Amino acid sequence: MPFPDLFAGSAISGTGMSAERFRMEVIANNIANAHSTRGPNGEPFRRQDVVFAEVLGGVRADGSPELKGVSAVELVDDPTEFDLVPIPGHPDADENGMVRMPNVKLPIEMVNLLTATRAYEANLKAAQAFRTMNEQALVLLRG
């Protein structure tokens, strides 16, 4: 095993932690704007989601791709419709007293936050396991 391959597992886990951290930031932004009825464009806040993609290196001798991890490649707006809520007297209410509210659903955001947290923790545990295995291998090589 070449020396750089010793740290490949930790590097892949690091990319996963970085991508999940970004996902948690986007989810936190969605939650923070769950009641923002007017943004800079005059529309209610539109929920955002992160798209992940694998990061590939070169091609191995057997023809399979060399995996380097994952990255957040795109931030997309959720195209679902805004909710109409009756709030007469609200500054953004229409002539019928209906206000278009953001398409953020707090229970869904909390589940997404939980899964992102668990994925981050799994990547952290994998990085710790790689570190422990490498330390044990070095101890064996010294002995």
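A few comments on the model shown:
- Residues L141 and A61, FRET efficiency given R0 of 30 Å [Cβ-Cβ distance, rounded to 0.05]: 0.70
- One Cα centroid belongs to the stretch 6-75, the other to the stretch 101-130; the line between them spans 12 Å.
- The orientation-averaged shadow of the Cα convex hull for the chain, equal to a quarter of the hull surface, comes to 11.8 nm².
- Space enclosed by the convex hull of the alpha-carbon atoms of the stretch 60-137, per residue, Å³: 155 Å³
- With a Förster radius of 30 Å applied to the beta-carbon distance between A129 and A28, the computed FRET efficiency rounds to 0.60.
- Distances between placed amide hydrogens fall under 5 Å for R47 paired with D78, N103, V104, all partners being 5 or more residues away or on another chain.
- Highest average packing first - 10-16, 68-74, Cβ atoms within 10 Å: 10-16, 68-74
- Cα lying deepest toward the dipole's positive end in the stretch 3-142, options P107, P91, F52, charges on Cβ: F52
- Percentage relative contact order, the chain, counting C-alpha pairs under 8 Å, at least six apart: 31 percent
We did not get these values from a lab; they are worked out from the coordinates using the rules stated. These numbers come from a predicted model, not from an experiment. All Cβ positions, glycine included, derive from the backbone under ideal geometry; neighbour counts span all protein chains shown.
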